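The values are calculated or read from the model by the stated rules, or taken from the named source; none is laboratory data. In this text, all values refer to a predicted model and were calculated from it rather than measured experimentally. No Cβ is skipped: glycine too gets one built from the backbone with ideal geometry, and neighbour counts run over all protein chains shown. Just so you know, the surface numbers come from the protein's heavy atoms only, side chains and all, with ligands and any DNA or RNA stripped out. Shrake-Rupley method; radii C 1.70, N 1.55, O 1.52, S 1.80 Å.
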Amino acid sequence: MSHALAGVLTGASIKSIELDPDEGGATRMSGGISWITLPAGYLGSSFIGACLIACGFDTTSSKVACIVLAVFFVFTLWWARKNWLTWVLVAGLGVLIILAWFIADSVALRYVILFVGVMSCMYSIWDIIDDTIDRKVNESDASKFAEVCGCCGSQVWGVFWLIVSFLFFILGILVGVMAFKETASQQAASKFLDSPIH
């Protein structure tokens with residue numbers, strides 16, 4: 001999704017998004033600015049994960065994050081119309097989010113959002129190490145980025161992106177801890193998009 005978002009923001013036309021259970025996925029686009037769209041998969045996933053981690057420390061913020069995720073889901077399903085795996089994963093996560101919204105004043109929703117955020121950050125970190133530093137694939141976004149930039153190899157860019165991803169992860173936790181200091185009972189008192197089931 002991050003590649004597609006970066007592509008749209010830089011004027012690309014998104015053709016499709018495909019999820020692959022073994023390789024992560026592929027975004028087919030034409031146009032855009034490649035030095036922004038290529039690292040967007042790694043860094044965008046880390047950034048979105050960090051935002052979700054921060055939101056996971058507060059019930060109201062978790063609800064807002066769910067609304068934002070729903071918008072991302074709609075765009076993802078639009079671009080991935082022909083990919084059944086995408087539909088199954090988005091539907092499964094959507095059902096989980098809806099169920100969590102209704103459990104114990106949406107406290108369960110916080111944990112779902114935290115889980116999705118941590119998984120997004122951790123997958124990005126693992127993917128950077130796997131694709132660029134360990135070099136288990138011959139061609140990656142990092143190798144294409146190195147070609148476009150003309151300086152430094154893909155492993156150097158991988159190390160740089162790994163550091164940025166770790167910083168996003170840590171900042172997500174710190175922002176969540178520092179910004180949301182209310183207790184669970186204080187958060188439960190908030191009636192923002194309150195669940196009818198208590």
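Key figures for this structure:
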| read-out | value |
| --- | --- |
| Enumeration of residues in the stretch 109-122 that are among the hydroxyl-bearing types (Ser, Thr, Tyr) and surrounded by fewer than 17 Cβ atoms within 10 Å (Cβ to Cβ) | TYR111 |
| Every residue from the stretch 23-49 that is in contact with a Gly (Cβ under 7 Å, 6 or more places away or on another chain), open to solvent by 20 Å² or more (accessible area, probe 1.4 Å) and small (Gly, Ala, Ser) | GLY31, GLY32 |
| Residues located in the stretch 5-22, provided they are at pLDDT below 80 and open to solvent by less than 20 Å² (accessible area, probe 1.4 Å) | ALA12, ILE17 |
| Residue selected from the stretch 146-167 under the condition in contact (Cβ under 8 Å) with a residue 40 or more places away in the chain and among the β-branched types (Val, Ile, Thr), by the criterion farthest from CYS121 (Cα to Cα) | VAL148 |
| Qualifying positions in the stretch 83-96 - without any contact (Cβ under 8 Å) to a residue 60 or more places away in the chain, of a type in the set (Val, Ile, Thr) and under 14 Å from PHE72 (Cα atoms) | VAL90 |
| Test: residue in the stretch 123-139 that is among the small types (Gly, Ala, Ser), under 15 Å from LEU38 (Cα atoms) and at pLDDT 80 or above | yes |
| Selected residue (criterion: modelled with the highest pLDDT) from residues of the stretch 141-178 that are more than 19 Å from the chain's Cα centre (by Cα) and open to solvent by less than 60 Å² (accessible area, probe 1.4 Å) | TRP157 |
| Qualifying residues in the stretch 40-73 (those that are among the β-branched types (Val, Ile, Thr) and touching a helix residue (DSSP H, G or I) at 6+ places or on another chain (Cβ under 9 Å)) - the one farthest from MET122 (Cα to Cα) | THR60 |
| Tally, over the stretch 71-108, of residues that are closer than 28 Å to ILE170 by Cα, charged (D, E, K, R) and exposed (fewer than 14 other Cβ atoms within 10 Å of the Cβ) | 0 |
| Helices (runs of 4 or more DSSP H) (entirely within the stretch 104-184) containing at least 2 residues that are charged (D, E, K, R) and more than 30 Å from CYS66 (Cβ to Cβ) | 141-149 |
